[in-house]
1. Can you tell me which residue within the stretch 90-106, out of those that are under 12 Å from residue 153 (Cα atoms) and in contact with a helix residue (DSSP H, G or I) (Cβ under 9 Å, 6 or more places away or on another chain), is surrounded by the most Cβ atoms within 10 Å (Cβ to Cβ)?
2. Do the conditions hold for residue 152, that is, is it in contact with a strand residue (DSSP E or B) (Cβ under 6 Å, 6 or more places away or on another chain), closer than 18 Å to residue 43 by Cβ and surrounded by 17 or more Cβ atoms within 10 Å (Cβ to Cβ)?
3. Would you check which residues across the stretch 62-81 are assigned to a loop (DSSP other than H, G, I, E, B) and in contact (Cβ under 8 Å) with a residue 40 or more places away in the chain and list them?
4. Quick one: would you say residue 87 is more than 16 Å from residue 20 (Cβ to Cβ), more than 15 Å from the chain's Cα centre (by Cα), crowded, with 17+ Cβ neighbours inside 10 Å and at pLDDT 95 or above?
5. Taking residue 80 as the residue in question, decide whether it is out of contact with any strand residue (DSSP E or B) (no Cβ under 8 Å at 6 or more places or on another chain), modelled with pLDDT of 95 or more and crowded, with 17+ Cβ neighbours inside 10 Å.
6. Among the residues that make up the stretch 38-52, is at least one of them assigned to a strand (DSSP E or B), more than 18 Å from the chain's Cα centre (by Cα) and at pLDDT 95 or above?
7. Kindly indicate whether any position in the stretch 11-29 is out of contact with any helix residue (DSSP H, G or I) (no Cβ under 6 Å at 6 or more places or on another chain), within 17 Å of residue 152 (Cα to Cα) and either in a helix (DSSP H, G or I) or free of Cβ contacts under 8 Å to residues at least 40 places away in the same chain (or both).
């Protein structure tokens with residue numbers, strides 16, 4: 001059985017995000033997955049994503065630009081929120097109606113310089129799960145060093161954001 005990334009389960013019309021949209025060939029193409037699912041205690045579930053930043057995302061030679069790191073946390077957070085909403089409703093990811101989340105707030109703390117040329121690992125932990133709001137706390141690490149901590153307050157996408165067919 002093929003394990004699909006959360007972002008690959010988004011409907012085609014909602015898959016254009018620069019950070020994670022499969023339909024945006026110029027974007028990051030971030031892919032998030034379940035690391036651990038705990039159906040008895042949803043808040044104990046975790047998500048994971050890996051990303052190798054290209055040299056164009058340089059802040060100072062040898063180090064990754066902070067805005068790019070924030071975008072990875074943002075997209076891993078909203079993807080994780082969507083996956084959690086499906087899990088909480090005991091639905092298959094991608095089933096209709098779509099449970100697509102957008103960023104209500106993004107909080108970032110830079111803890112250490114993030115080196116270039118190293119695969120980054122993002123781990124998501126859930127601190128709140130409600131029908132229309134999911135809070136995801138994320139660590140971004142390089143070579144087992146936590147470089148960035150972020151929190152995404154993700155909200156269910158408003159109906160007005162859905163593209164018209």
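1. 101
2. Yes, satisfied.
3. Matches in the stretch 62-81: 62 only.
4. yes
5. no
6. Among the residues of the stretch 38-52, not one is assigned to a strand (DSSP E or B), more than 18 Å from the chain's Cα centre (by Cα) and at pLDDT 95 or above, which makes the answer no.
7. No, the stretch 11-29 contains no residue that is out of contact with any helix residue (DSSP H, G or I) (no Cβ under 6 Å at 6 or more places or on another chain), within 17 Å of residue 152 (Cα to Cα) and either in a helix (DSSP H, G or I) or free of Cβ contacts under 8 Å to residues at least 40 places away in the same chain (or both).
The values are calculated or read from the model by the stated rules, or taken from the named source; none is laboratory data. Computed from a predicted structure; not experimentally measured. Cβ sites come from the backbone with ideal geometry, for glycine too, and all protein chains shown count toward neighbours.
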